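Heads up, the thing below is written out as structure tokens.
Every number here is computed from the coordinates shown, using simple stated rules; none is lab data. Just so it is clear, the structure is predicted and the values come from calculations on it, not from any experiment. Counting neighbours? That spans all protein chains shown, and the Cβs are built from the backbone with ideal geometry, glycine included.
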Amino acid sequence: MCAGGALQLSANTIGGASYFWNGPNGFTSVLEDPTITNAATTASGNYSLTITANGCSSSSSIAVTVNAIPLVNAGTDAFICQGGSIVLSGSGVGNYSWNPSAGLSSSIISNPIATPDSTTNYILTVSANGCSASDTVLISIAPTPVLTLSNDTSICLGDCITLSVSGADFYSWTPSTNLTDTTLATHSICPGSSVTYTVTGYLVGSNIVSNGDFGSGNTGFTSDYTYNSNTQQEGTYFVTTNANFTHPGFTGVDHTTGTGNFLVVNGSGTANSSVWCQTISVQPNTDYVFSCWVSSLALGSPALLQFSINGNQLGNIFQAPATTGTWVQFFTPWNSGSNTSAVICIVNQNITLGGNDFGLDDIYFSPVCPTTKTVSVIVNSQLNPTISSVAPVCAGSPSFQLTAASPGGVWSGTGVNSIGVFNPVTSGVGSFVITYSLSGSCGGTDTALVSVLPNDSVSISAVATLCSSSSAVNLTATPAGGLWSGIGIANASNGLFDPTVSGVGNFTVYYATAGICSDTDSVQVTVASQLNATIVNVAPLCSGDNAVTLSAASSGGNWSGTGISNAQTGIFDPQVSGPGTFTVSYSISGACGATDTAVIQVNPSADATILTSNATLCSNSGVLTLSSLQSGGVWSGTGITDRKSTRLNSSH
């Protein structure tokens, strides 16, 4: 039989007989069928029975073995992740039997590998010598999050993107580059270079913190602070439903319902003071999440808190909200390593007294099965489609290459091919919009105006021969706006040509337009000497005079007028003109010719015919009066005493 059972001794029934039993450990009984309840192994041995009837006695004995119940231990309750395995650690002497057997590598050994699909309570039964005992071990499946993370993305330098993750209770992003808080589920980033983020998600399971919501009051934890219902003194705390109950300057209620308990703390000025601590059992080599909710109870200097496990501070310092009435959750992951127990604490790092007042609630410590995913943000350089400035070109100019800040794009527009070669011959004259396009998310488009100008066709207006004495003249040409040069040009802008500057001769004058499509023309300007038609003074003539040749300062002209018998040589014949006053003209043709006039006086010719006939006078004849056809003349000869008188004195 097995220890702990009832040892039932029995004898044959004989009427009128008496019975006497004795056995180990001083056992005796006068019952026919005595029972030893809860028999121990020490009850093993020989039991003797003596029966007496009618004065006669008879004895016999029986050997009884009480076997020990096997000592069995199924091991310590544990956590594994979904799909994970764990080696069960059963112990005991005898034959093993695990139930349920599903998910076990073997159900009849002490340490089978368990791979349950769900949380399972395994029962270990150990049997020996017909005796058995059982123990249980709970293998809990910690939930494994399934993360949904933003897809890998390519953006342009200078652009921003939102990354988000879901599927877990807590998150941790690495690296922290461009992130304001690595625990947030959503981030808006504007990276300056490509980056790959690893996101770890934690889905909490059962909470192994005792009284984490302070529903049981001031139990289950320790603190460096003093428990006091009046928290007006720094370094005190109290568990209550309303912070104002413990301090008239505090405002705040619990995190979950607004009516439950929470921890009200008036922070001390001592750094690293443990506000709350609890010792818990942990499973080696297991990931945990340590979290809590924090609120500020007064304005001023918000609490600076930090998690601590086994005296080692974890993660970054986290700050309570800047305003009252707001609860914020903080967490940190932790791996137990070889630890089987952990002292978990929340410490205050703020040494400022004023405003260092806060509430704690819903402290949580849970085994977790973290899941990681990565997301890459590829930052491409922003392509620049800006077209380089294009100066105007002339019609008919050679083809040339257009350029832009970033190569690799496609060109389009009148006169340009896809690789950006512009041909002014193809485009013709005008202004043309050219487009340059860079494909892709970081591409772009730019346009530029290419002007093809008509070539200047310079033409100088004909210039008549100028005279050396002429006034300055403005030469003309098209198009306007050019500059003149050459001998005789007195003003390069308006083409003023001054013969007095150039002198006599043939001069080449140039006119040129400015700009890329300029042209030049030239013209010969002839400056001739100025001819002088001044007629040499002509003395009065007599109508009977012979013809005279008139003359002028410059030869080569033509004479005209009454009395001119030869226009080329200028012969004036008084006998043709007769007496009178005559105006004759002398004209030199040509640009530098001239005309002059002169008045020629032709007097009638005098007739000196002596009318007095030849006569012989005596010496004493006295004076003889002579007569002539025309008076007024002068007489001369012997006997003429008065040259102007007509008398001839014979005595002389």
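Near the amide H of ALA552, under 5 Å away, which other amide H atoms are found, from residues 5 or more places off or on another chain, if H is placed in the peptide plane?
For ALA552, whose amide H was placed from the backbone, the distant partners under 5 Å are VAL536.
May I ask you to derive the relative contact order of the chain, considering only C-alpha pairs under 8 Å and at least 6 residues apart, and to give it as an integer percent?
On the way: 1680 pairs, mean separation 46.4, N = 652.
Relative contact order of the chain: 7 percent.
If you take every DSSP beta bridge fully contained in region 537-625, what fraction is antiparallel? Give it as a percent rounded to 5.
Values: 16 of 18 bridges.
If I count the DSSP bridges inside region 537-625, around 90 percent turn out antiparallel.
Relative to the present Cα-Cα distance, how much length would full extension add between ASN566 and ILE109 at 0.36 nm per residue of separation?
Working: separation 457, 0.36 × 457 = 164.52 nm, distance 16.30 nm.
Using 0.36 nm per residue and subtracting the Cα-Cα distance, I get 148.2 nm.
Which of the following values of P(r) over Cα pairs in 10 Å bins from 0, in percent was calculated from the structure shown: (1) 3, 12, 17, 18, 15, 10, 8, 7, 5, 3, 1, 1, 0, 0, 0, 0, 0; (2) 3, 15, 26, 27, 18, 8, 2, 0; (3) 3, 9, 8, 8, 8, 7, 6, 6, 6, 5, 4, 4, 4, 4, 4, 3, 3, 3, 2, 1, 1, 1, 1, 0, 0, 0, 0, 0?
Answer by label: (3).
Please give, to one decimal in nm, the separation of the simple spin-label points placed at ALA539 and THR76, each 7 Å out from Cα toward the Cβ.
Computed distance between label sites ALA539 and THR76 equals 16.4 nm.
Less than 17 Å from a label point 7 Å out along the Cα-to-Cβ axis of ALA472: which backbone N atoms in region 493-526 qualify, by residue?
493-504, 509-510
Once R0 is set to 22 Å, what does the formula 1/(1 + (r/R0)^6) return for the Cβ-Cβ distance between SER48 and THR13, expressed as a FRET efficiency to the nearest 0.05? Could you put the intermediate results ahead of the total?
On the way: r = 18 Å, r/R0 = 0.83.
The calculated FRET efficiency here is 0.75.
Taking amide H positions as placed in the peptide plane 1.01 Å from N, state which residues far from THR286 in sequence (5 or more) or on other chains have amide H under 5 Å from it.
Amide H neighbours of THR286: SER336, GLY337.
Tell me what the chain gives for mean residue ellipticity at 222 nm when only DSSP H runs of n ≥ 4 count, each as -39,500 (n - 2.57), the sum divided by the residue total, rounded to 500 deg cm²/dmol.
Details: 3 runs with 12 residues, N = 652.
Calculated from helices alone, the mean residue ellipticity at 222 nm is -500 deg cm²/dmol.
Calculate one ³J(HN,Hα) per residue across region 69-78 by plugging θ = phi - 60° into the Karplus curve 6.51 cos²θ - 1.76 cosθ + 1.60, and present them in order as whole Hz with x for glycine and proline.
Here the 3J(HN,Hα) series is 6, x, 7, 10, 9, 7, x, 8, 3, 9 Hz.
Using +1 at the C-beta of Lys and Arg and -1 at the C-beta of Asp and Glu, which of GLY580, SER48, SER61 has the Cα lying farthest in the positive direction of the dipole of the chain?
GLY580
Which of rounded, prolate, oblate describes region 1-103, given a ≥ b ≥ c as roots of the alpha-carbon gyration tensor eigenvalues and a/c under 1.5 marking rounded, otherwise prolate only if a/b is larger than b/c? Mind showing how you got there, number by number?
Values: a/c = 5.14, a/b = 4.12, b/c = 1.25.
Prolate shape, in that a/c is at least 1.5 and a/b is the bigger ratio.
On a full-extension model of 0.36 nm per residue, what is the gain between GLN329 and GLN524, subtracting their alpha-carbon distance, rounded to one decimal in nm? Working shown, then result.
Details: separation 195, 0.36 × 195 = 70.20 nm, distance 9.90 nm.
Roughly 60.3 nm would be gained on extension.
Gain in length, ILE378 to ASN532, computed as 0.36 nm per residue apart minus the alpha-carbon separation, to one decimal in nm?
Values: separation 154, 0.36 × 154 = 55.44 nm, distance 9.60 nm.
Gain on stretching ILE378 to ASN532: 45.8 nm.
Taking only the alpha-carbon positions of region 218-265 and ignoring solvent, what does the Debye formula give for the base-10 log of I(q)/I(0) at q = 0.15, 0.23, 0.26, 0.29 Å⁻¹?
The calculated log intensity ratios at q = 0.15, 0.23, 0.26, 0.29 Å⁻¹ are -0.35, -0.78, -0.95, -1.10.
What number, in percent, do you get for the relative contact order of region 485-606 if the mean sequence gap of Cα pairs under 8 Å and at least 6 apart is divided by its residue count? Walk me through the numbers before you get to the answer.
Working: 273 pairs, mean separation 26.0, N = 122.
Once normalised by length, the contact order is 21 percent.
Each label point is 7 Å from the Cα along the Cα-to-Cβ direction; what then is the distance between the points at ILE351 and SER551, in nm?
In this crude label model, ILE351 to SER551 measures out at 13.2 nm.
Let me check against my output: what whole-number percent is the relative contact order of region 159-311, with C-alpha pairs under 8 Å and at least 6 apart?
Over region 159-311, the number comes to 17 percent.
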